[in-house]
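The structure under discussion appears below in the form of structure tokens.
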Amino acid sequence: MEAMRLIEASRHALAQSQEPPDIVAEVWQSQALAQAIGSRLAVAGPPELRGEALGLSELGGRGCGVLDAPSLGSEGIRAARLTGIGDAQQVLRGLDELLGEVGIALVGVAMGADDEGVYWQCMEAIDAADESRDRVLEMLRRLAVRVQSLPEPDSAAGSS
């Protein structure tokens, strides 16, 4: 499944989640998706994104690691269905929005947490989501620089 479809599915599922365990499960899904997208871009993305993409993959893994993994099985993990990235800029914009929503959702869970352990899990997951967003924004900046440095189509043809 294309990355944008998975991002949209994750955004929808997160928005529909009401109970803290469901929200945390969707946050985990979103971090796993960030990890998978980062891995894919690190291997096959534009060369100028590869370092940041590797960092995104590591941060997504950290975001998953600080949360209790939901018992989904491999079929239930959305990120396992990632087949392609498509337009890297569009995907990164969508991932930026998703990670922002993840942070907001985690703040809500942390504020209502009765258990100190859950509170601190949320704080660490918020930190991972924020750092992931920083990586995504840096990749978007690098893509913008790349586009600006490309010659305009008319100037490539030359003038006679």
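I'd like to verify something in the chain: which complete DSSP H helices, judged by Cα projection on the helix axis, reach 30 Å or more and average at least 0.5 on the Kyte-Doolittle scale?
88-112
Please find the FRET efficiency linking Arg81 to Arg50, where r is the Cβ-Cβ separation and R0 is fixed at 25 Å, and quote it to the nearest 0.05.
Rounded to the nearest 0.05, the efficiency is 0.60.
Normalised by the residues of region 40-160, what does the relative contact order come to in percent, with Cα pairs under 8 Å and at least six apart?
Values: 94 pairs, mean separation 42.9, N = 121.
Value for region 40-160: 35 percent.
Only Lys, Arg, Asp and Glu count, each charged at its Cβ (+1, +1, -1, -1), so figure out the dipole size of region 1-86 about its Cα centre, rounded to 20 debye.
Charge dipole, region 1-86, about its Cα centre: 220 debye, nearest 20.
Which one, Gly112, Leu82, Val27, is farthest towards the positive end of the dipole of the chain when Lys and Arg carry +1 and Asp and Glu -1 on their Cβ?
Checked the options; the winner is Leu82.
Just to confirm a number: summing +1 for Lys and Arg and -1 for Asp and Glu over residues other than Leu99 whose beta-carbon lies under 9 angstrom from that of Leu99, what do you get?
Neighbour charge sum, excluding Leu99 itself: -3.
Compute, for the chain, the length of the dipole vector about the Cα centre, with Cβ point charges of +1 (Lys, Arg) and -1 (Asp, Glu) only. Units Debye, rounded to 20. The partial results should precede the final answer.
Details: 13 positive and 25 negative charges, 142 e Å.
For the chain, the charge dipole is close to 680 debye.
Using a 1.4 Å probe on the protein heavy atoms, what percent of the accessible area of the chain belongs to carbon and sulfur?
The value for the chain is 52 percent carbon and sulfur by accessible area.
Among Val43, Val102, Val27, whose mean-square fluctuation peaks in a Gaussian network model of the chain (Cα, cutoff 10 Å)?
Comparing Val43, Val102, Val27 in the GNM, the peak value goes to Val43.
The values are calculated or read from the model by the stated rules, or taken from the named source; none is laboratory data. Just so we're clear, the structure is a prediction, and the values are computed from it rather than from any experiment. Virtual Cβ from ideal backbone geometry, glycine too; neighbours counted across all protein chains shown. To get the accessible areas, we keep the full protein, side chains included, count just its heavy atoms, and leave off ligands, DNA and RNA. Shrake-Rupley method; radii C 1.70, N 1.55, O 1.52, S 1.80 Å.
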